[in-house]
Amino acid sequence: MVRHQLTQRHRFVTQAQQAGFRRLVVALSVLCVLGGLGISSCRKRPFVGSKPVAWPDWTGHAWWNRSVPDWCEYRIQATLDAEKKVVHGHMKLRWTNRSTQPVPYLAFHLYMNAFRDDDSAFMRESGGSFPNGRHMDRHHWGGIDLSKVRVDGRERRPVVAGCPNPPCKGMLSRDETVMRIDLDQPVPPGGQSLVEMDFTTRLPRVFARTGYEGRFYMVAQWYPSIGVWQQGKWNCHAFHAASEFFAEFGRYDVTIDLPAGWVVGATGIRKAVEQESKPAKGRQVVRFEADRVHDFAFATGPNLRETSITIHHRIGAGTVRLRLVSARRLFAPARGQLRLTARALGLLEAMFGSYPYDELTVVVPPVKAEAASGMEYPTLFVTSVSPPGLLSWLGVLLDEQTTVHELTHQYFQGILASNEAEEAWLDEGFTTYVTGLLMDRMFGADRSVLRFGPLALGYFPQSRLVYLYKPGWDPIRQSSWRYADIESYGTITYYKSTCLLRSLQGLIGQDAMRRILRLYVARFAFRHPTTDDFLAVVRDVAGSQVASLLREALDTSGTLDYRVASIRNPSTIEGKREKRTRRPSEVLIQRVGSLRWPVDVLVRFDDGAVIRKTWDGKKRWVRYRFSRKSRIAEVQLDPDRKLWLDLDFLNDGLTAQVHRAGAHRVGTWYGLTLQWLMGAVGF
């Protein structure tokens, strides 16, 4: 999800820093001007930008035709009461135990209870505010109430499970986002349990990607959702402020009764309504079916317009219908986002394989409901379109980033369905990285974020700028509630992960990286992969040494930084023609960070000769000696800019002769300017 980077699309990002980005996007232009003038290169060499990535056609296995065992079969009848802002629902869930262990009880998420009151884990951790700047309207709380629960024909009384995870251990009874239903007999392997529930969901004024604004409704996380049974226990965490969702694959058959004339966009494909579902006067009934999905959401309202286009699969036969549901006032620019979706989906299919669903819905909410944007659901995502203004005039591709990011989530989350609560980087990190590849491919690597005349900024330099905010506060691989704060979660999960994957690409090459990504998707589509699963793919393609480097970067809060410490050339005899002594020239390289990745070293001599070496980085420093007639002119680390995790590009280069006073003055001025820039953008 995202209203993306420096802002971002997605939650922390998509939405997280929009305000600062919009206020001071001009500051980015200042940075671009500085880079363009070469001010930062008085003593250090500027880095070389990346080139656009090209991909050959898909040659992998047809994983998109894979049969997926249904753990869950949902049948929901819902009625939207637009006056009271509630959804009344009756749900039948047939749950099948496809494990080898008996299941003693059932566990469900009640996500909407995060917005019931100030005692939920979500509200306590967030303080009632969301990274997009929106605050919870405490006059319009949400929540979900169950009026009847039956399991296999017998009434049951659910028990609130509370929140056993840090940081909410002291309020176990106050959080109501998880419940359990005890059973008379465990569900045996291969056995089934039929659960029936009547529920009423109160929608909050739009906040944290769900709710209403005026007569627009984004109805998400609105029904009791069963957890995931794996490794002999339920994976069903409370809803934390810095976490998202995890659910099991299944089938959905959802009927919605709502006001007549309202446009509806939903997960799945619209189907004919059964005869018994006849609407009352002034009402309509719509029905949607979806298979091999793990969630269901819908958007509706009277002031929406829709259109659609059909595209052919990039891989194999068949088509995909792309449907746009947009606020009327944004419909014209929203159609551009639909065309962008078609183009980007073709690139995603070329990278990973065919999109496995027949339809994909793109929702553009009204401007006042922007808090609903930057979020993905199976076969549906919510993007945004900014009204004409400073951003569009400056050529900032913010809406494009949001659209491409949310679309990419259809693969990294929709299809793979990794655990967003426990290993969020598998979702957000991969999505942000692949979004960068797509944006660079479509708009150019040097201008895929900002393109204002001669001023330009690429996606990966932007991602690295955000990563530098809190690069070493937390490990990448850990549960979302264990991060120091929401800023560390966003920085590490989205941007350090992106820079890590970009560095992995630089280390092993584009071809090997493509094979890793393809194999990862093909092997684990519809199977809830973990970080260990991804590391196994890396080991199979690139070897155990690369996998070990990656594991250390994921499991520690370590950082990567190398510097050219010094250059020493032989002295000359004054007053006479320069003479060469027998002492060799020396270069001293230091590892400043804790991560030990190989780094390329380029040494340029004053006669034009160039020597390249690769240092494994295992020790704290290395000294290179060269016995040549010519002197060392300059040294550049990572000259091809492979290691995007590097904290400081400015210490990667050193020249043998510099005007130190001038360099110090200009370097200090540039550092202060950069510090001001990052503070201004909201970091």
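The table below gives the values:
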quantity	calculated
Number of positions in the range 373-432 that are more than 23 Å from D446 (Cβ to Cβ), out of contact with any Phe, Trp or Tyr (no Cβ under 8 Å at 6 or more places or on another chain), in a helix (DSSP H, G or I) and among the hydrophobic types (A, V, I, L, M, F, W, C)	1
Residue check for L500: part of a helix (DSSP H, G or I), open to solvent by 10 Å² or more (accessible area, probe 1.4 Å) and not aromatic (F, W, Y)	no
Residue match in the range 345-361 (condition: open to solvent by less than 10 Å² (accessible area, probe 1.4 Å), under 28 Å from R464 (Cβ atoms) and under 14 Å from the mean Cα position of the chain (by Cα))	no
Only one of L654, L677, L647 that is surrounded by 13 or more Cβ atoms within 10 Å (Cβ to Cβ) and modelled with pLDDT under 95	L677
Members of the range 290-307 found to be in contact (Cβ under 8 Å) with a residue 40 or more places away in the chain, part of a strand (DSSP E or B) and open to solvent by 20 Å² or more (accessible area, probe 1.4 Å), listed by number	D291, R292, R305, E306
Some residue of the range 514-524 being in contact with a Pro (Cβ under 9 Å, 6 or more places away or on another chain), in a loop (DSSP other than H, G, I, E, B) and either open to solvent by less than 10 Å² (accessible area, probe 1.4 Å) or modelled with pLDDT of 95 or more (or both)	no
Strands (runs of 3 or more DSSP E) wholly inside the range 211-288 that include at least 2 residues being under 26 Å from P356 (Cα atoms), open to solvent by less than 20 Å² (accessible area, probe 1.4 Å) and out of contact with any Pro (no Cβ under 7 Å at 6 or more places or on another chain)	228-230, 250-259, 263-266
In the range 67-115, the residues that are open to solvent by 50 Å² or more (accessible area, probe 1.4 Å) and either touching a helix residue (DSSP H, G or I) at 6+ places or on another chain (Cβ under 9 Å) or assigned to a loop (DSSP other than H, G, I, E, B) (or both)	S67, P69, E83, K84, R98, T100, Q101, P102
Residues (closer than 24 Å to G250 by Cα and either in a loop (DSSP other than H, G, I, E, B) or in contact (Cβ under 8 Å) with a residue 40 or more places away in the chain (or both)) located in the range 314-332	G318, V320, L322, R323
Test result for T310, surrounded by fewer than 20 Cβ atoms within 10 Å (Cβ to Cβ) and β-branched (V, I, T)	yes
Pairs where the first residue, in the range 99-121, is assigned by TED's automatic domain parsing to the domain that holds S193 and the second is among the basic types (K, R), C-beta under 6 Å, 6+ apart	Y105/R180; A107/R180; D119/R174
Options D561, D532; residue that is surrounded by fewer than 18 Cβ atoms within 10 Å (Cβ to Cβ) and at negative phi	D532
Enumeration of residues in the range 333-370 that are under 14 Å from D399 (Cα atoms) and either free of Cβ contacts under 8 Å to residues at least 12 places away in the same chain or in a helix (DSSP H, G or I) (or both)	P333, A334, R335, G336, Q337, L338, R339, L340, T341, A344, V367, E370
Residue selected from the range 564-589 under the condition of a type outside the set (A, V, I, L, M) and open to solvent by less than 10 Å² (accessible area, probe 1.4 Å), by the criterion modelled with the highest pLDDT	S585
Residue within the range 331-342 that is touching a Gly at 6+ places or on another chain (Cβ under 9 Å) and surrounded by 16 or more Cβ atoms within 10 Å (Cβ to Cβ) present	no
Residue within the range 367-376 that is out of contact with any Gly (no Cβ under 9 Å at 6 or more places or on another chain), farther than 26 Å from R518 by Cα, open to solvent by 10 Å² or more (accessible area, probe 1.4 Å) and at pLDDT below 95 present	yes
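The values are calculated or read from the model by the stated rules, or taken from the named source; none is laboratory data. The shown structure was predicted, so the numbers you read here are calculated from the model rather than taken from an experiment. No Cβ is skipped: glycine too gets one built from the backbone with ideal geometry, and neighbour counts run over all protein chains shown. The area values use the complete protein model at the heavy-atom level, side chains included, leaving out ligands, DNA and RNA. Shrake-Rupley method; radii C 1.70, N 1.55, O 1.52, S 1.80 Å.
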